[in-house]
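This report refers to the structure that appears directly beneath it.
The values are calculated or read from the model by the stated rules, or taken from the named source; none is laboratory data. Nothing here was measured: the structure is a model prediction, and the numbers come from that model. Note that each Cβ is placed from the backbone with ideal geometry, even for glycine, and that neighbours are counted across all protein chains shown. Remember, those area values only see protein heavy atoms, side chains included, never the ligands or the DNA or RNA. Shrake-Rupley method; radii C 1.70, N 1.55, O 1.52, S 1.80 Å.
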Amino acid sequence: MSTEPSAPGTSPRTPRPGAQKSSGAITKKGDRAAKEKPATALPPLGEEEPKNPEEYQCSGVLETDFAELCIRSGYTDFPKVVTRPRPNQNFVLSASMSEKPTQDDQRLSASCSQNSLESKYVFFRPTIQVEVEQEDSKAVKEIYIRGWKLEDRILGIFSKCLPSLSQLQAINLWKVGLTDKTLTTFIALLPLCSSTLRKVSLEGNPLPEQSYYKLMGLDSTISHLSLRNNSIDDHGAQLLGQALSTLNNSNRTLVSLNLGFNHIGDEGAGYIADGLRLNRSLLWLSLAHNRIQDKGALKLAEVLRPFELTHTEVVERRRLLLEKGTQERSSRSPSSSRHGDSKTEREKSQTAGISNVTLVDKPEKMQTLKAPKGLGKKKEKSGEVVKKEEKSGPGQSPTQGTPKKEDATKAGKGKVTIPEQKMSKGKGMKTGSKEKRSILLESEQLVVEATEMVNPLLEPVEHRDGKVFMPGNKVLLHLNLLRNRITEVGLEGFLTAVQYQVQVSKSRTSSSKGPLGLLWLSLAKNCFDPQCPTYTMIQELMMPRDPVKAKVREEEAAAT
């Protein structure tokens, strides 16, 4: 049997070593491996897979949390968290560096290299400086950011890591390029922080819309606010004065306000004075290095002594008196269940058709116990003042001692002492001498006890010639008007105010509690002769009132 030769194109060929038959198709070994095991896309060298910042749980260590959140947010170069250098540390460091060149001066001068340049300019690198507790080096008390632009992305990272800092007390931002938009973002961040945060310093950050007043809202917990060197003019001062107090609202948390080195003139000083009319919480005010002349100085001095109420204020005061009288009559009526203790009495009163009175009075009572700063409590507590005034008649001025004494006794029952305020008072005042801090702390407590629960419009007033005069603001302790443009005309107004406050303080009994009035008044470096009689009299009257100077004199007398 013969075999036919196969065609040349169909002759069988031995497969190459690198190829195999699989289901009728020739594939390479590498292709089959690719099908069996899919290839994973590797990130480029030096890059990591981005992580979600929301998944990170902050540990309370700012250095670790801030760095991790920056990395997760895509930052490749971000500021470091460092401990704030202290002046004594810098002094020791400079002394040690000054000794080194004496060892081998020639060799060091010849090898001025990159290391010395880096050490020279390391101060100017963006950093987040922190001040920590002495007992715990990880517990951050204060944060300082200086001289680099603070963007929204950084604020977003802060909103995640700052709430975990349980002992944070102060945030200081100096020349960080704030805008009105970023300020709004920063203000929204503050309620997320710990309740110990009481001090905010925004210096060297001029804003076009001058929206600093938003930091002094009714829900603000800031006790100490510094707005130096922000180019605040009269319009900005108007907004700040309205934030201090208006006819219906008043800031109750701000203790110190620094407005030095701005552009506030007479008109702006008048707006600040209007804010001090009904404000009973601000103890420390600085208007140093501004443009205030005699007109603005007289406005400020007028608030420190008895001033006439405007027509609008008189109308509002009468409305408050009427409302208070209505509340007192309803509380004394037998149909009210305000003083009922048992549930059966409340149920009977509700069935008798007076549930509205019960439902209104009961929440008001609870509000006075739980929210000491509320307006309802403030109005309730001033019942005795109103009662005394109504009995005295329109032509007589009620005595000021009895209502304040009654208020002080009520304050001792624990309804006015606020734990958060005590904490802020102890941790907020960090500047100045120990004597000044102790005096301010005692004065703040007096303010809390004697004035916070009485609406200023319900304070005892005096009627003269058909006009209503309210006692001046005696809560303000420190007023700084250094380096303005005040002449002897403005000094006369302050002399009258100081004389009034000295006379009132002499008439006080040793056991009475209440506002002390001005203890410090700075008027130096203005447009008058330092040897003029008016300025000399002001200094003589203020010197015994200054507790620091009085203590120094006592120590000197004891030593001699």
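Between residue 508 and residue 323, take the C-beta separation as r, use R0 = 35 Å, and let me know the FRET efficiency to the nearest 0.05. Write out the running numbers ahead of the final one.
On the way: r = 31 Å, r/R0 = 0.87.
With R0 = 35 Å, the Cβ-Cβ based efficiency is 0.70.
Would you mind working out the accessible area per residue for segment 205-250, using a 1.4 Å probe, and quoting it in Å²? Kindly include the intermediate steps, with their values, before the conclusion.
On the way: 1900 Å² over 46 residues.
Per-residue accessible area for segment 205-250 comes out at 41 Å².
With the Cα gyration tensor of segment 465-560 giving a ≥ b ≥ c as the square roots of its eigenvalues, does the rule (a/c under 1.5 for rounded; else a/b larger than b/c for prolate; else oblate) give rounded, prolate or oblate?
Oblate, because a/c is 1.5 or more while a/b does not exceed b/c.
Can you give me the distance in nm between label points at residue 540 and residue 492, each placed 7 Å from the Cα along the Cα-to-Cβ direction?
1.9 nm
Where does each of 212, 535 land when they are ordered by accessible area, with a 1.4 Å probe and the largest first?
535, 212
How much of residue 224 can a 1.4 Å solvent probe reach, expressed as accessible area in Å² and rounded to 10?
My reading of the accessible area for residue 224 is about 10 Å².
Stokes-Einstein diffusion coefficient for segment 251-342 at 10 °C in a medium of 1.306 mPa s, Rh from the Kirkwood formula over Cα pairs: what value in µm²/s?
Using the Kirkwood radius from Cα pairs, D works out to 97 µm²/s.
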